[in-house]
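Heads up, the thing below is written out as structure tokens.
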Ligand SMILES: C[S@@+](CC[C@H](N)C(=O)[O-])C[C@H]1O[C@@H](n2cnc3c(N)ncnc32)[C@H](O)[C@@H]1O
């Protein structure tokens, strides 16, 4: 199907406005590949006709469909491995210790994590499994799974529906989970594996567009934004990281993807290297 350069540019501007994703000239193939099925299913002759329909009353529904089609949901349990090892070895012990100190007073505090581009749920559930495994190994610490909560958000409603169902195929289970974790935390249901509670009950899902103001979500001790910022331009990366900074508790941690960093974007964090992982701490 034909896609003229001017229509491609207009679709690129719309996608950027909707979800912050930058469509550079070399992404013409991607736009054509991901949106062509949508052009056909919406009864349009071609991309030009599709653009006109976007400006009509049906436009809002089509915009939602564009978000679903253009976002990349690639993820896996314990993706990259080493960031979770850094959380287990350095961040969780520090958080548990500060929780013990705080709980010795009168106020009960919850340690809050935010997985801010959670896709189909493997990232927040990996965190929940990590917390359960960590606490099981520290029986005497006086801290339980319910002392933690994980907010998992994404712009994609389809991904969040999969995440909320918490059922995964064998192929997904084989990507990142140990046989021990499968046996301990999942229950086989037909040809799927369903996550049990705990760890499931400490994860809540919400649809959030990172292009919008998120400060109403409250304060977090750890924010993960992994493999999301790579799709945005510098200006939006800067704005999002400023929000993260404002939404972290003092001493809180920001974790980005392996190909992402804060250089030239935000210097209010100090970066700390733990093995292969760089963690950004709000000073
Ligand atoms: C490649 S996945 C990363 C998933 C997970 N964080 C990981 O590293 O495995 C990127 C996710 O970012 C989400 N996303 C893209 N733009 C977004 C936006 N503006 N607001 C919130 N989520 C967004 C996509 O829907 C997708 O689920």
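Below is a table of values for the structure above.
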{"quantity": "Checklist (1) within 16 Å of the ligand (Cβ to nearest atom); (2) touching a helix residue (DSSP H, G or I) at 6+ places or on another chain (Cβ under 6 Å) applied to residue 39, failing item", "calculated": "(1)"}
{"quantity": "Residue within segment 70-89 that is in a helix (DSSP H, G or I), out of contact with any strand residue (DSSP E or B) (no Cβ under 7 Å at 6 or more places or on another chain), over 30 Å from residue 148 (Cβ atoms) and at pLDDT 95 or above present", "calculated": "yes"}
{"quantity": "Pairs, first in contact (Cβ under 8 Å) with a residue 60 or more places away in the chain and at negative phi in segment 201-214, second surrounded by 13 or more Cβ atoms within 10 Å (Cβ to Cβ) and assigned to a strand (DSSP E or B), C-beta under 6 Å, six or more apart", "calculated": "202/148; 202/149; 202/150; 203/150; 203/152; 205/152; 208/153"}
{"quantity": "Number of positions in segment 204-260 that are in a strand (DSSP E or B), near the ligand (Cβ under 9 Å from one of its atoms) and either modelled with pLDDT under 95 or under 24 Å from residue 90 (Cα atoms) (or both)", "calculated": "2"}
{"quantity": "Residue identified as surrounded by fewer than 18 Cβ atoms within 10 Å (Cβ to Cβ) and at pLDDT 95 or above among 161, 166", "calculated": "161"}
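The values are calculated or read from the model by the stated rules, or taken from the named source; none is laboratory data. Since the model is a prediction, treat every value here as computed from it, not as a measurement. So basically every Cβ, Gly included, is an ideal-geometry build from the backbone, and we count neighbours across all protein chains shown.
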